[in-house]
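Take a look at the structure set out below.
The values are calculated or read from the model by the stated rules, or taken from the named source; none is laboratory data. Only a predicted model underlies this, so the values are computations on that prediction, with no experimental measurement involved. Reconstructed Cβ throughout: ideal geometry from the backbone, glycine too, with neighbour counts over all protein chains shown. Keep in mind that these areas ignore ligands, DNA and RNA; they rest on the heavy atoms of the full protein, side chains included. Shrake-Rupley method; radii C 1.70, N 1.55, O 1.52, S 1.80 Å.
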Amino acid sequence: MTASSDYTATLPRKRMGAAVLFTDGAGRALLVEPVYKDYWEIVGGCVDENESPRQAAIREVKEELGKTVTPGRLLVVDWVPPRPGRTEGVMYVYDGDTLDELGIADIHLPPDELSSWAWCDQKQIEQRMSELLARRVIAALRAKAEGTTFELENGFHVL
């Protein structure tokens, strides 16, 4: 079958993103502050063409923190509806495990992309992140604590 006769090539495409949730011993999330946005995020980014979400998560951690990690289990999958300036998408959040002092000692932020990072509790997450991202990260924290995976739509639990 040639690419021109591949029916799947005619199907709608969705934007995908992958992120990794790191926590500290107190259960706070590691947030990063992009230099190009008004709100904070967790480590992650777009899934490139022909790249799996897990591979993207590994790449993004290396690019944003300078760390080589193997993400743990999937915590959250979140379908995000289209909005002005953005297509619909599917976002994956993986468990990055708990980092101690040794685990954060080798963090190196790319200065052209990230200006800082911080451990944040739920209140700080809600203050620093967009509403959608805050819902997703809080759900991921809960999934990690409960040993489960959550399906979300626009950051809200489906069931």
When only Cα pairs under 8 Å and 6 or more residues apart are kept, what is the percent relative contact order across the chain?
29
Using a Gaussian network model on the chain with a 10 Å cutoff between Cα atoms, which of P34, P71, P84 fluctuates the most?
P84
Just round it to a whole percent: the fraction of Cα-Cα distances in the range 44-137 exceeding 24 Å.
25
So what's the angle, to the nearest 10 degrees on a 0 to 90 scale, between helix 53-65 and the longest Cα principal axis of the chain?
40
Calculate, for the chain, the solvent-accessible area per residue in square angstrom, rolling a 1.4 angstrom probe over the heavy atoms of the protein chains.
57
Under the helix-only model (-39500 (n - 2.57) for each DSSP H run of 4 or more, divided by the residues of the chain), the mean residue ellipticity at 222 nm, to 500 deg cm²/dmol, is -7500 deg cm²/dmol
Share of the chain's accessible area from carbon and sulfur, percent, 1.4 Å?
53
Grab the eigenvalues of the alpha-carbon gyration tensor for the range 23-99, scale each by 5, take roots, and send me the semi-axes largest first in whole angstrom.
21, 16, 13
Which of the following values of volume of the Cα convex hull per residue in Å³ was calculated from the structure shown: (i) 111; (ii) 141; (iii) 194?
(ii)
For M16, what accessible surface area do you get with a 1.4 Å probe? Give it in Å², rounded to 10.
60
Quick one: net charge of D106's neighbours, Cβ under 15 Å, K/R +1, D/E -1?
-3
